[in-house]
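The structure appears right after this line, and notes come after that.
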Amino acid sequence: MTPLAERRSKVVGETGFHFIIADDHPLFRGALRQTLEHQYPNARIEEAGALEDVTAQLDAGGDVDLILLDLSMPGMRGFSGLMYLRAQHGSVPVVIVSASEDPQTVRRCVEFGASGFIPKSHGIEVIKTAISAIMDGQVWTPPEVDLSADDGGGDLVKRLATLTPQQVRVLMMLSEGLLNKQIAYELSVSEATVKAHVSAILQKLGVESRTQAVIAASKIEAGQWQLGGDGEAASPTA
C-alpha cells in the first residue's frame, strides 16, 4: 500500500495521524501544534528542536505521516538535513516550514524530495490548506513560485541525490572539518569504511579531492549550486 493510500485508509478508519513538528522555536512549535490539533483532532503530535531529535523519533519506530521541518534548526546545515531524512526515511513525507521565502530555496527543497514548502509568514488558513493538500499526496508550494524555472543547479542536485544516508552524514562531517578517524569514531565504523565513503562521495560529486567536496557542501549551504568545469562548485554568477 502506498503512503497516500495508507493515509486515506486512516481517514476512513478514523485512526489518528502521526506528525512530527521539528523547529527550534518553542512558541512556533506550539502554534503549529494548535493548528494541527484543530485540523486533525485525533492526531499524535511529537515535537523536536534539532535534527537529531527527529532521527531519534523516527528510529524509535511507529508510522509517521508527516514531518514539518524547519530549515534553520540545529543539525540541519543547509539542505543536508533534508537530504539525509529523504535518503534514510524515504517513505515519510517532509514539508518544509521556513522563514525563508526565496524562490530558489523553495525549488531546491522540492528537488531534494520535500513534499511541500510553507513560508512561516503565511496565515493559519493557508497553512491548513497546504497541509491538507500535502496529506492528500500533492506537492504544495507558494503559488507565486515557479518550480519549472531553471537556475542552473540541476547537475549538482542530481549528483547529491545519489548519495546514500551514510555518505550524506560523512559529507556533513567533512564540511565540519573532521578527520577520517574522527568521523569513524562518531559513526562507530572503521577508518577504511570512512575512506571508502569519501571515495564514493568524490566520484558521485565529480570532484577530485575532499577539499573540493567540502567546497561543494559549503555552496549547498550558501545556496550556490553549479559545478564548475574543473569539478569545483561555483556560484551561478561565476
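Please treat every number below as a calculation from the coordinates, not as lab data. This is a predicted model, so every value here is computed, not measured. Cβ coordinates were reconstructed from backbone atoms using ideal geometry, including for glycine residues, and neighbour counts include every protein chain displayed.
Below is a table of values for the structure above.
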{"item": "Nearest-20 debye value, region 41-119 charge dipole, Cβ charges on Lys, Arg, Asp, Glu", "result": "260 debye"}
{"item": "Volume of the Cα convex hull of region 39-161, divided per residue and given in Å³", "result": "110 Å³"}
{"item": "Integer Hz, Karplus 6.51/-1.76/1.60 couplings in order for region 98-104, x for Gly and Pro", "result": "9, 6, 6, 10, 5, x, 5"}
{"item": "Percent RCO, i.e. relative contact order, over region 65-195, from Cα pairs under 8 Å lying at least 6 residues apart", "result": "22 percent"}
{"item": "Sparse-neighbour loop sites [trypsin sites (Lys or Arg not before Pro); region 83-118; at most 15 other C-beta within 10 Å; DSSP]", "result": "none"}
{"item": "In sequence order, calculated HN-Hα J values of region 120-127 (Karplus, 6.51, -1.76, 1.60; Hz; x Gly/Pro)", "result": "5, 6, 6, x, 4, 5, 5, 4"}
